[in-house]
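See below for the structure under consideration.
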Amino acid sequence: MNIKVIAFDADDTLWVNEPYFRASEERFCELLGEYASQHELERELFKIEIENLALYGYGIKGFVLSMIETALKVSGNTITPDIIEKITDLGKQMLNQPIEILDGVEQVLQAVKDKYRVVVATKGDLLDQERKLKRSGLGDYFHHIEIMSEKDDANYLKLLKHLDIKPEEFLMIGNSLKSDILPVLNIGGHGVHVPYHITWAHEQIEDSIDNERFRSVERITEILNYL
């Protein structure tokens, strides 16, 4: 591989993220337990989250607004102000969570930082992602930070144009096959999948990937075997 740029996804690739959403969702279901079962609440919340992606994008703020909308819907607009306050508190708790760097991340960043241009390519709320990167202490490893509204072919091509590289010179590392790997393979880049034990349903795919530019590893440190 003639790689010039290595890009890392942020959430659940560099640091812990999805478990906080799951914990807040469980608490949300407890708060609304008198109106519907946990399964019904989870299904309705997911449906509303997906419907709202075009309006709010990805991230905690959109998640909180979707929880409030779900609460209003399942309660027939009878939800009390104190429940809404508890839902917004869940969001604030998520935003204030300490950053937990995943095992092996700093070892890999230290190994590649002087050999390649290293970037972050993530999606979500701009302010929240910038805050997390700053609090992570990893910022000095990265040549460029790209926060996308959506990880699709077009936005990856824009990133490559900004970096002034060809697709075959780009390697993307991340936990989501849907967002981190498939679009990059589509445009001619390389992808390494580092699965995380929890993945949001919207990011899951069932199809296997058969592509010579694709690798899957169990631990992020295994990436170094291919570089």
Given the options T88, T80, T70, name the one that is touching an Asp or Glu at 6+ places or on another chain (Cβ under 8 Å) and of a type in the set (S, T, Y). T70
In the range 97-130, how many residues are polar (S, T, N, Q) and closer than 14 Å to H144 by Cα? 2
Within the range 94-132, can you find the residues that are under 11 Å from W15 (Cα atoms) and in a helix (DSSP H, G or I)? V105, E106, K132
Cβ pairs under 6 Å, 6+ apart, first in the range 113-125 and at negative phi and assigned by TED's automatic domain parsing to the domain that holds G174, second assigned to a strand (DSSP E or B) and aliphatic (A, V, I, L, M): Y116/I6; R117/V5; V118/I6; V119/A7; V120/I145; A121/A7; T122/I147; K123/M148
Residue, modelled with the highest pLDDT, within the range 113-151, restricted to residues that are of a type in the set (G, A, S) and within 12 Å of the chain's Cα centre (by Cα): A121
List the number of the failed condition for I68; all other conditions in (1) closer than 22 Å to H197 by Cα; (2) over 18 Å from the mean Cα position of the chain (by Cα); (3) surrounded by 15 or more Cβ atoms within 10 Å (Cβ to Cβ) hold. (1)
Name the residues in the range 5-53 that are surrounded by fewer than 17 Cβ atoms within 10 Å (Cβ to Cβ), within 24 Å of S149 (Cβ to Cβ) and polar (S, T, N, Q), would you? N52
Regarding the range 27-48, can at least one residue be identified that is of a type in the set (S, T, Y), in a helix (DSSP H, G or I) and either over 23 Å from Y196 (Cα atoms) or modelled with pLDDT of 95 or more (or both)? no
From E49, E25, E40, grab the single residue that is outside the structural domain of F142 (by TED's automatic domain parsing), touching a His at 6+ places or on another chain (Cβ under 8 Å) and not aliphatic (A, V, I, L, M). E49
Here are the criteria: (1) closer than 23 Å to H39 by Cα; (2) touching a helix residue (DSSP H, G or I) at 6+ places or on another chain (Cβ under 8 Å); (3) among the hydrophobic types (A, V, I, L, M, F, W, C); (4) assigned to a helix (DSSP H, G or I). Tell me which single one I79 does not satisfy. (4)
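The values are calculated or read from the model by the stated rules, or taken from the named source; none is laboratory data. Just so you know, these numbers come straight off a predicted model, no measurement behind them. Because the Cβ atoms are built from the backbone with ideal geometry, glycine has one as well, and the counts that use them run over all protein chains shown.
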